[in-house]
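Only one structure is covered here, and it is reproduced in the block below.
The values are calculated or read from the model by the stated rules, or taken from the named source; none is laboratory data. The shown structure was predicted, so the numbers you read here are calculated from the model rather than taken from an experiment. Here the Cβ is made from the backbone with ideal geometry for all residues, glycine too, and neighbour counts use every protein chain on show.
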């Protein structure tokens, strides 16, 4: 895992394998739950999470949809941030 240092501290940069696991955990799922919801095998999910395999673009889209995370974040680690009228960040 890369760690960038910003003005106020470290900014962790997660690899795709970590983001897949974080997305699954964010959705409150076990590997078998995500497998059932996406049609992927539990072994495929485990291999992505350990870094043995990298998900294809279509798989990233399916996982993002199943877990409710932003597809761009899952694919790249970059999260879009929107500013609301009150000036507070809103990730929509």
query = When the residues of region 44-58 are filtered to those that are touching a helix residue (DSSP H, G or I) at 6+ places or on another chain (Cβ under 7 Å) and not in a helix (DSSP H, G or I), which remaining residue is nearest to residue 71 (Cα to Cα)?
reply = 55
remark   = Of the residues in region 24-43, those that are part of a helix (DSSP H, G or I) and in contact with a helix residue (DSSP H, G or I) (Cβ under 7 Å, 6 or more places away or on another chain) come to 24, 26, 31, 32, 34, 35, 37, 38, 42
inquiry  = Residues that are modelled with pLDDT under 95, more than 19 Å from residue 72 (Cβ to Cβ) and assigned to a loop (DSSP other than H, G, I, E, B): does region 4-14 have at least one?
reply    = yes
key: Considering residues of region 59-83 that are assigned to a loop (DSSP other than H, G, I, E, B) and either touching a helix residue (DSSP H, G or I) at 6+ places or on another chain (Cβ under 8 Å) or at pLDDT 95 or above (or both) only, the residue nearest to residue 13 (Cα to Cα)   = 77
